[in-house]
Structure formats: C-alpha cells, structure tokens
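Asker: Pasting in a structure now, in structure tokens, and then I'll have a few things to ask.
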Amino acid sequence: YQNYLERTNQSDTPTSSKSRHEDEAEILHYIAFTYFDWARQTEACNNAKAAPADERYQKSASYIEMAIKKTKRENVILRYDLCTTKLALAECVLNKFSRGIRRTAKEIQDALDGLQGSLPKVQTMLQWKQEGKKVAVSTTLLTQFVEECKKTIEKAKNHLTQELEKEEEAAMAREKQRLEALEKQKQRELEMIEAQEQATKDQEEVEKKAREKM
C-alpha cells in the first residue's frame, strides 16, 4: 500500500475516476486498516507480548487523520473508523494492567481524551440517522459504539485515578530515597571533616610534645 501510494504521489493524474486526493485518502485508509488489523492480532496474545498493539492503533489513527485531511468531502466512514480506532486504543491501554504491561497516567489520559472527543461525533451521526439523513453506518453499530464508549470512559476515569495515585506514591518514595541519600552524603561529609580535624589535632599534639621534649 505504501509503495502504491508513492507511485500515486509521483503521478499527476488520478489512478481512478476520482481525484488524486481522493485516491490518496483511499490508500491511506487501507494502510490504517492494515495497522488496525495488525494491532488486533497482536492483542490476541493477551499477555506481555501484546505490548506493541497500542502503538499500532496509534499508527492506524494517524493514517485515518491524514486521509480525512486529503478528502474534501465529508466522509462519515473515515470519521467513524477514527472513533472506532480510538475506542480500541483506549481499551488496549486499559488492558495493559491485566496483561502485566507497564503503562503511565499520561497514556490513560490521552486515551480518555480520545474517547471524550469521539463520543459526541458518533452521537451526532446517530442523531443524523434518527432524523432520516443518509449515514453510511448502521444504527446498530452507532448505538453499540455510544454505549461501549460511555462504559470505557467511566472505566478509564477509574484507571486514571488509580494510576495517578500509584505515580504519586512512587514519586513520594523516590523523593524519600533522594532525601535519605542526601542525608547520608551530608553525614559522610561531616564525618570526613571531623576525621580531618581530629587528624590535624593529633598532628599538632605530636608536634607540641616533640617541642617540649627538645
């Protein structure tokens, strides 16, 4: 797909009856789906080997965003697929905990932001559908997405709270270790100073006795 996209970019004419930009958008969509499918297969491991999956979902989302910028018409399918990818990415990030994969509060926050941005877009599509407007996604899929997205948002909020608490505890532990190490360093420096002062004092005592003897 990427090689084909390069050949398309080198040509001045579209490869189909559509415009060149529409062709590019379609190819970018195919690339996005490939990354999405690759992420799904990676997640099937359901253990630490699934670690690269969220990065592949991110790649998928970035290619869909590029496709959206290329096409001049309102492409509901692209926007719905972007929202679906962000939902899959969020679930993948949340599942890192059960799979024994390290994650950060920022990753969860980013996933939550993606969900909160996607929900109103799909709700708007569902409203259009209910108003009788032509939307190339079934009501069932749109409804399922809204329900699943709301559940995942609440789950992500709970995970974010837990992860922030863990990171705060870890930060406090690191600060405690830093202060303890600093205190030990100061103690060692003080002991060295005291030892040097004692050595100087001893040397002066030796020299004093030597002078008295002479």
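Here, each number is a calculation from the coordinates, and none is a lab measurement. Here the structure is a predicted model, which is why all the values come from computation and not from measurement. We place every Cβ from the backbone using ideal geometry, glycine too, and count neighbours over all the protein chains shown.
Asker: Of 129/151; 49/70; 86/155; 72/134, which ones are farther than 25 Å apart at the Cα?
Answerer: Listed pairs above 25 Å: 49/70.
Asker: Helix 139-213 versus the longest principal axis of the chain: what angle, 0 to 90°, nearest 10, using Cα atoms?
Answerer: Helix 139-213 sits at roughly 20 degrees to that axis.
Asker: When only Cα pairs under 8 Å and 6 or more residues apart are kept, what is the percent relative contact order across the range 30-155?
Answerer: Worked out over the range 30-155, it gives 22 percent.
Asker: If you line up the long axis of helix 76-94 against the longest principal axis of the chain, both from Cα atoms, how many degrees apart are they, to the nearest 10?
Answerer: Tilt relative to the chain: about 30 degrees.
Asker: Return the Rg/Rh ratio of the chain with Cα-based radii and a Kirkwood Rh.
Answerer: 1.41
Asker: Then there's this: Residue by residue through the range 57-69, which ³J(HN,Hα) values in whole Hz follow from phi under the Karplus form 6.51 cos²θ - 1.76 cosθ + 1.60 (θ = phi - 60°), with glycine and proline marked x?
Answerer: Using θ = phi - 60°, the values come out as 5, 4, 4, 4, 4, 5, 5, 5, 4, 5, 5, 4, 5 Hz.
Asker: Could you list, bin by bin from short to long, the percent of Cα-Cα pairs of the range 39-105 in 10 Å steps?
Answerer: 22, 45, 23, 9, 1
Asker: Go ahead and collect, in residue order, the members of the range 79-114 whose backbone nitrogen is under 12 Å from a label point 7 Å along the Cα-Cβ direction of residue 55.
Answerer: So the set is empty, nothing qualifies.
Asker: For the range 88-157, what percent of Cα pairs sit more than 14 Å apart?
Answerer: Across the range 88-157, Cα pairs with separations above 14 Å total 61 percent.
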